[in-house]
Amino acid sequence: MPIPVTLTQTPKQKPAPGQALPFGRLFTDHMLLMDYSRKQGWHSLRVVPYGDFTLPPSAMVFHYAQEVFEGMKAYAAPGGLTLFRPMENLKRMNASCRRLCIPEMPLDEVYEGLLALLKLEKDWVPADPGTSLYIRPTVIATEAALGVKASDTYLFFVILSPVGAYYASGFNPLKIVVEEAYTRAAPGGTGSVKCGGNYGGSILASYLAHEKGFDQVLWLDAAQRRYVEEVSSMNIFFVINGQLVTPGLGDTILPGITRDAILKLAGVLGIPAQERRVSLEEIVAAQASGALQEAFGAGTAAVVAPIGSLTVDGKALTIGNGATGPITKKLHDTLTGIQRGNQPDPLGWVVKVI
Ligand SMILES: *Cc1c(COP(=O)(O)O)cnc(C)c1O
């Protein structure tokens with residue numbers, strides 16, 4: 001079935017080549033919508049002009065944060081427009097829905113809708129080096145009721161935002177501080193799914209870290225404050241004695257698609273990789289002995305973000321020589337090369353939209 005499209009009557013000016021694109025401030029002309037009701041299920045997938053929603057103040061999303069989202073990117077590849085492992089994001093969105101008691105979405109239909117939206121908005125995909133079109137699928141609970149329960153109605157939407165190069169001014173290794181007061185995700189909680197509530201609760205820690213001159217926080221496990229989990233909203237990797245190490249997944253770590261891609265790519269590149277528990281103690285000892293060679297964050301926004309220093313108990317530990325390490329750079333360059341179609345795609349990750 002063709003997806004109904006209502007075209008905007010007031011198209012916006014698209015950004016000019018070379019224009020600065022602050023993250024997530026500028027949106028394209030159209031968005032994808034779909035509704036859910038108990039009676040009809042998910043229905044009325046459609047493309048409409050980008051615009052405001054009208055919701056009652058009693059809409060459940062405003063009160064109990066029954067909301068999930070995704071973050072992915074489309075790239076202007078040579079001769080077309082591509083996505084990177086898009087079904088992984090959609091499957092993860094359904095996993096988030098299950099955890100938040102939101103009815104799962106029909107992913108084939110959602111995918112067709114996403115492709116239709118991207119084809120319509122193709123001229124919004126920026127082409128400057130390092131730029132992309134950020135894609136934000138979101139589901140919100142819309143029932144007008146204040147009882148704490150699963151909503152009977154939902155709205156799904158996808159909005160698109162042209163974004164600039166993450167490293168416009170070059171690789172700047174991050175200054176990270178171990179978060180000692182707050183935690184992000186408790187066992188049995190929602191840390192392994194992408195829901196807005198996880199972020200609302202993490203802002204204070206980031207804010208306080210920024211005030212002290214740090215870029216981001218390193219989250220430890222909530223139960224023992226002993227094991228390394230994530231860095232801000234990215235997965236974390238270390239290079240210890242030439243081996244790539246990342247914390248194993250569980251219910252407190254978000255299963256990043258970038259994380260998964262890096263682990264698989266390490267296999268292709270012949271870099272030994274391990275998923276296992278990593279204690280802060282181990283990292284401090286490895287730094288002291290010189291075994292800790294590199295560290296980086298991994299996520300869709302930055303892809304790979306080198307970490308230059310880690311502050312533990314008020315003491316700044318330099319990682320490697322404080323600059324971007326060779327394995328970090330190799331993984332960054334290879335993965336972004338695959339995503340942007342400048343390198344062969346050995347694992348079949350790239351999907352052509354047009
Ligand atoms: C989205 C997210 C990541 C990264 O996931 P990607 O799929 O690689 O973008 C990591 N940690 C948290 C907490 C996240 O929300």
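HIS63 meets each of the listed conditions (1) open to solvent by less than 20 Å² (accessible area, probe 1.4 Å); (2) out of contact with any Ser or Thr (no Cβ under 9 Å at 6 or more places or on another chain); (3) more than 16 Å from the ligand (Cβ to nearest atom) apart from (1). Within the range 280-323, the set of residues being within 16 Å of the ligand (Cβ to nearest atom) and either open to solvent by 20 Å² or more (accessible area, probe 1.4 Å) or of a type in the set (Ser, Thr, Tyr) (or both) comprises THR300, ALA301.
Here HIS332 passes the criteria (1) modelled with pLDDT under 95; (2) out of contact with any Gly (no Cβ under 9 Å at 6 or more places or on another chain) except the one numbered (1). Of all residues in the range 241-260, those satisfying the criterion of being more than 10 Å from the ligand (Cβ to nearest atom) and open to solvent by 20 Å² or more (accessible area, probe 1.4 Å) are ASN241, GLY242, GLN243, GLY248, LEU249, GLY250, ASP251. Annotation note: of GLY51, GLY24, the sole residue that is within 16 Å of the ligand (Cβ to nearest atom), assigned to a loop (DSSP other than H, G, I, E, B), of a type in the set (Gly, Ala, Ser) and over 20 Å from ALA144 (Cβ atoms) is GLY24. Within the range 324-354, can you find the residues that are aliphatic (A, V, I, L, M) and open to solvent by 50 Å² or more (accessible area, probe 1.4 Å)? Once the filter is applied, which keeps residues that are aliphatic (A, V, I, L, M) and open to solvent by 50 Å² or more (accessible area, probe 1.4 Å), the range 324-354 yields LEU347, ILE354. Number of residues in the range 187-205 that are within 14 Å of the ligand (Cβ to nearest atom) and in a loop (DSSP other than H, G, I, E, B): the value is 9.
Output the residues belonging to the range 7-37 that are loosely packed, with under 11 Cβ neighbours inside 10 Å and either touching a Pro at 6+ places or on another chain (Cβ under 9 Å) or in the same structural domain as VAL139 (by TED's automatic domain parsing) (or both). Residues satisfying the conditions are GLN9, THR10, PRO17.
Against the condition open to solvent by 40 Å² or more (accessible area, probe 1.4 Å), touching a strand residue (DSSP E or B) at 6+ places or on another chain (Cβ under 7 Å) and either without any contact (Cβ under 8 Å) to a residue 40 or more places away in the chain or farther than 21 Å from THR54 by Cα (or both), how does LYS175 come out, does it pass?
yes
Filtering the range 108-126 to residues that are touching a Lys or Arg at 6+ places or on another chain (Cβ under 7 Å) and surrounded by fewer than 18 Cβ atoms within 10 Å (Cβ to Cβ) leaves only ASP123. Taking the criterion of being of a type in the set (Val, Ile, Thr) and either open to solvent by 10 Å² or more (accessible area, probe 1.4 Å) or farther than 30 Å from GLN19 by Cα (or both), the residues of the range 139-166 that qualify are VAL139, ILE140, THR142, VAL148, THR153, ILE159. So MET105 passes all but one of these: (1) open to solvent by less than 20 Å² (accessible area, probe 1.4 Å); (2) in contact (Cβ under 8 Å) with a residue 40 or more places away in the chain; (3) within 16 Å of the ligand (Cβ to nearest atom). Which condition number does it fail? That leaves (3) as the condition not met. Only one entry of LEU107, LEU118, LEU146 meets the criterion of being within 16 Å of VAL47 (Cβ to Cβ) and of a type in the set (A, V, I, L, M, F, W, C), and that entry is LEU118. Pairs meeting the criteria (first residue in the range 212-229 and modelled with pLDDT of 95 or more, second residue outside any loop (DSSP other than H, G, I, E, B) and among the acidic types (Asp, Glu), beta carbons under 6 Å, at least 6 apart or on different chains) are TRP219/GLU229; TRP219/GLU230; ASP221/GLU229.
The values are calculated or read from the model by the stated rules, or taken from the named source; none is laboratory data. Since we're looking at a predicted model, the values are computed, not measured. Glycine gets a Cβ as well: all are built from the backbone with ideal geometry, and neighbour counts include every protein chain shown. Just so you know, the surface numbers come from the protein's heavy atoms only, side chains and all, with ligands and any DNA or RNA stripped out. Shrake-Rupley method; radii C 1.70, N 1.55, O 1.52, S 1.80 Å.
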